[in-house]
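Chemist: Mind having a look at this structure? Questions to follow.
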Amino acid sequence: MFGARCLLLALRRCSSAPCPKHMQAARLRVCEALEAQEVAGDIKVQGWVRSVRSQKEVLFLHINDGSSLESLQVVADPTLEHRDLTFGSAVEVQGKLVKSLHRMQNVELKAENIRVVGPCDTLMFPFKPRERQPLEYSRQFPHLRCRTNTLSSLLRVRSEATAAIHSFFKDNGYVHVHTPIITSNDCEGAGELFHVRTSNKVQEPGENSHFFNVPAFLTVSGQLHLEVMAGAFTQVFTFGPTFRAENSQSRRHLAEFYMIEAEMSFTESLQDIIQVMEDLFKTATSIVLSKCPQDVELFHKYVSPAQKGRLEQMLKNKFITISYTEAVEILKRAPQTFTFQPKWGSDLQTEHEKYLVKHCGEVPVFVVNYPYALKPFYMRDNEDGPQHTVAAVDLLVPGIGELCGGSLREERLHFLQSRLERLGLADAYQWYLDLRQFGSAPHGGFGMGFERYLQCILGVDNIKDVIPFPRFPHSCLL
């Protein structure tokens with residue numbers, strides 16, 4: 001239906017007023033042409049050749065422009081064939097959209113003119129027609145891999161997921177905030193930061209070595225800035241790049257990744273945050289499945305065949321909630337041997353997180369109330385004993401482990417000030433203490449790693465395969 005409307009609008013643009021000769025053909029994207037329910041004359045499609053098949057009486061092409069997984073079939077007279085018309089070449093095809101005799105497609109483009117815009121050397125091009133290369137092979141060509149079916153599907157899913165997440169927050173009354181990328185704050189307190197310095201300035205004797213007069217870093221989280229905004233808006237969120245200077249090339253780590261973070265004022269219950277996390281996951285995932293089913297199906301069929309069933313389980317079942325103390329007891333009773341022995345007061349490792357999800361029937365699990373000493377200064381003290389905990393929550397999902405992390409924030413000035421003084425951070429975070437002196441309200445929030453979310457819904461094992469450009473040391477391009 002959408003495709004038919006686009007087709008009619010495109011045709012009307014040229015039929016409602018005189019058009020120069022070179023503008024008479026209405027330009028359609030491949031996805032619009034494929035969705036068209038009626039034939040049309042004088043249309044133009046631009047894209048890249050996915051296959052060429054020349055017969056005695058007819059020339060067949062398949063053209064793709066990245067707007068859909070499916071390509072548009074072009075039929076042409078063999079006289080239109082050109083020696084540069086090869087797999088991978090960029091072309092512009094003009095002709096008529098006609099009903100197709102092929103049962104697998106509704107329409108095809110009967111070409112009247114084919115122009116090769118940019119030829120492709122098929123001998124040098126690393127990808128070949130009708131060859132399904134593994135992700136490891138594609139990763140060697142970060143500047144070309146987006147032209148493969150797998151990576152183009154990933155990028156469409158990534159685009160729709162981004163839109164779905166923004167839509168979820170907009171529909172629920174959240175204000176979108178752009179938090180700083182360069183900051184003096186170390187939100188996580190881990191010290192694994194990228195330090196920002198100028199590269200072309202010669203420092204004079206006695207001159208301040210810091211561009212901003214204080215040390216500056218690439219952000220590891222927008223949370224503290226969101227808390228500032230949560231003092232004026234009851235619900236805020238950000239969606240942007242974050243950076244971790246972990247010197248790791250493992251399949252779980254990225255130096256640069258995207259985070260979805262949200263803060264909610266007048267929130268006194270950890271359950272309120274848990275509900276938003278579950279609603280976000282289920283709503284965004286349902287939208288992605290409805291918007292690009294073919295792209296998701298490609299991953300579920302060829303990359304991770306078991307993921308479709310796991311994802312259905314996640315969407316139809318209520319997520320489970322257990323306490324950190326319960327989680328440790330489950331791990332201690334586990335029949336398997338862990339590399340890291342589980343004990344109260346130690347952080348949960350990935351092997352622990354995956355076991356807990358498996359133990360709970362492959363349904364996502366919220367683990368709440370972590371030890372006080374494990375978590376950052378801003379998490380709310382539960383004032384419990386003898387095992388001292390904070391109102392924190394992590395969401396664990398099948399195949400990944402931790403997907404989201406959140407907490408109630410410590411809104412009580414004397415609690416927060418006391419902890420910052422013990423950590424020697426009171427002066428650095430005086431501005432943060434000010435937030436508790438001027439109209440402070442109970443509040444909380446969470447963050448979700450976007451790339452881990454994509455791994456979860458698609459079943460991709462290596463996190464470097466869900467980003468547009470993998471950052472490898474040997475890549476001169478990146």
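The values are calculated or read from the model by the stated rules, or taken from the named source; none is laboratory data. This structure is a prediction, so every number in the text was calculated from the model and none was measured. Cβ coordinates were reconstructed from backbone atoms using ideal geometry, including for glycine residues, and neighbour counts include every protein chain displayed. Ligands, DNA and RNA are excluded from the accessible area calculation, which covers all protein heavy atoms including side chains. Shrake-Rupley method; radii C 1.70, N 1.55, O 1.52, S 1.80 Å.
Chemist: Among the numbered criteria (1) assigned to a strand (DSSP E or B); (2) exposed (fewer than 15 other Cβ atoms within 10 Å of the Cβ); (3) not small (G, A, S), which single criterion is violated by L61?
Modeler: Of (1) assigned to a strand (DSSP E or B); (2) exposed (fewer than 15 other Cβ atoms within 10 Å of the Cβ); (3) not small (G, A, S), only one is false for L61: (2).
Chemist: Quick one: how many residues across the range 180-215 are modelled with pLDDT of 75 or more and closer than 29 Å to F237 by Cβ?
Modeler: Qualifying residue count for the region: 13.
Chemist: From the list P342, P386, pick out the single residue that is free of Cβ contacts under 8 Å to residues at least 24 places away in the same chain and open to solvent by less than 70 Å² (accessible area, probe 1.4 Å).
Modeler: Working: P386 fails: open to solvent by less than 70 Å² (accessible area, probe 1.4 Å).
Every option except P342 fails the conditions.
Chemist: Sticking with this structure for a sec: What is the number of the single condition among (1) aromatic (F, W, Y); (2) more than 28 Å from Y453 (Cα to Cα); (3) touching a helix residue (DSSP H, G or I) at 6+ places or on another chain (Cβ under 8 Å) that Y355 does not meet?
Modeler: Exception for Y355: condition (2).
Chemist: Can you tell me which residue among I43, I63 is modelled with pLDDT of 90 or more, over 34 Å from the mean Cα position of the chain (by Cα) and not basic (K, R)? First the steps, then the outcome.
Modeler: Values: I63 fails: over 34 Å from the mean Cα position of the chain (by Cα).
The unique qualifying residue is I43.
Chemist: Identify, from the list L315, L280, the residue that is within 16 Å of the chain's Cα centre (by Cα) and in the same structural domain as V365 (by the TED database).
Modeler: Values: L315 fails: within 16 Å of the chain's Cα centre (by Cα).
After ruling out the rest, the residue left standing is L280.
Chemist: Those residues that are of a type in the set (A, V, I, L, M), within 14 Å of V91 (Cβ to Cβ) and open to solvent by 40 Å² or more (accessible area, probe 1.4 Å), I need them from the range 24-58; list them, please.
Modeler: Scanning the range 24-58 gives a single hit, V52.
Chemist: Would you mind telling me which numbered condition in (1) touching a Gly at 6+ places or on another chain (Cβ under 7 Å); (2) more than 16 Å from G88 (Cα to Cα) L154 fails?
Modeler: In the conditions (1) touching a Gly at 6+ places or on another chain (Cβ under 7 Å); (2) more than 16 Å from G88 (Cα to Cα), L154 misses (1) alone.
So that you can scan it fast, the table gives a plain yes or no per residue for (1) open to solvent by 50 Å² or more (accessible area, probe 1.4 Å); (2) closer than 23 Å to F469 by Cα:
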site: E92; (1), (2): no, no
site: V98; (1), (2): no, no
site: E108; (1), (2): no, no
site: R115; (1), (2): yes, no
site: F125; (1), (2): no, yes
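Chemist: I'd like the full set of residues that are in a loop (DSSP other than H, G, I, E, B) and open to solvent by 100 Å² or more (accessible area, probe 1.4 Å), limited to the range 133-142. Break it down stepwise before answering.
Modeler: Within the range 133-142, the subset in a loop (DSSP other than H, G, I, E, B) is 133-134, 139-142.
Within the range 133-142, just Q140 meets the criteria.
Chemist: Further question: Among (1) modelled with pLDDT under 95; (2) open to solvent by 50 Å² or more (accessible area, probe 1.4 Å); (3) among the hydrophobic types (A, V, I, L, M, F, W, C), which single condition is I463 missing?
Modeler: (2)
Chemist: Pairs under 6 Å by beta carbon, first residue farther than 16 Å from H195 by Cα in the range 241-261, partner open to solvent by 30 Å² or more (accessible area, probe 1.4 Å) and assigned to a loop (DSSP other than H, G, I, E, B), six or more apart or different chains?
Modeler: H253/E246
Chemist: Quick check: is even one residue across the range 467-476 farther than 30 Å from R310 by Cβ, assigned to a loop (DSSP other than H, G, I, E, B), open to solvent by 20 Å² or more (accessible area, probe 1.4 Å) and at pLDDT 95 or above?
Modeler: No: zero hits.
Chemist: For the range 434-451, enumerate the residues that are in a helix (DSSP H, G or I) and open to solvent by 50 Å² or more (accessible area, probe 1.4 Å). Before the answer, list the steps.
Modeler: Step one: list which residues in the range 434-451 are in a helix (DSSP H, G or I), which gives 434, 450-451.
Within the range 434-451, D434 is the sole residue that qualifies.
Chemist: Restricting attention to the range 285-333, and to residues there that are without any contact (Cβ under 8 Å) to a residue 12 or more places away in the chain and acidic (D, E), which single residue is farthest from R452 (Cα to Cα)?
Modeler: Top of the filtered list is E329.
Chemist: R130 is checked against (1) surrounded by fewer than 15 Cβ atoms within 10 Å (Cβ to Cβ); (2) in the same structural domain as M259 (by the TED database) and fails just one. What number does that condition carry?
Modeler: (2)
Chemist: Let me ask something additional. Do you know which residues across the range 264-320 are open to solvent by 70 Å² or more (accessible area, probe 1.4 Å) and under 30 Å from R412 (Cα atoms)?
Modeler: Correct list: F266, E268, Q271, D272.
Chemist: Okay, next question. Against the condition open to solvent by 10 Å² or more (accessible area, probe 1.4 Å) and of a type in the set (A, V, I, L, M), how does L425 come out, does it pass? Steps first, please.
Modeler: Numbers: open to solvent by 10 Å² or more (accessible area, probe 1.4 Å): yes; of a type in the set (A, V, I, L, M): yes.
Here the answer is yes, as L425 does meet what is asked.
Chemist: Restricting to the range 389-413, give me the number of residues that are within 26 Å of the chain's Cα centre (by Cα), farther than 16 Å from S323 by Cα and open to solvent by 50 Å² or more (accessible area, probe 1.4 Å).
Modeler: So the count comes out to 1.
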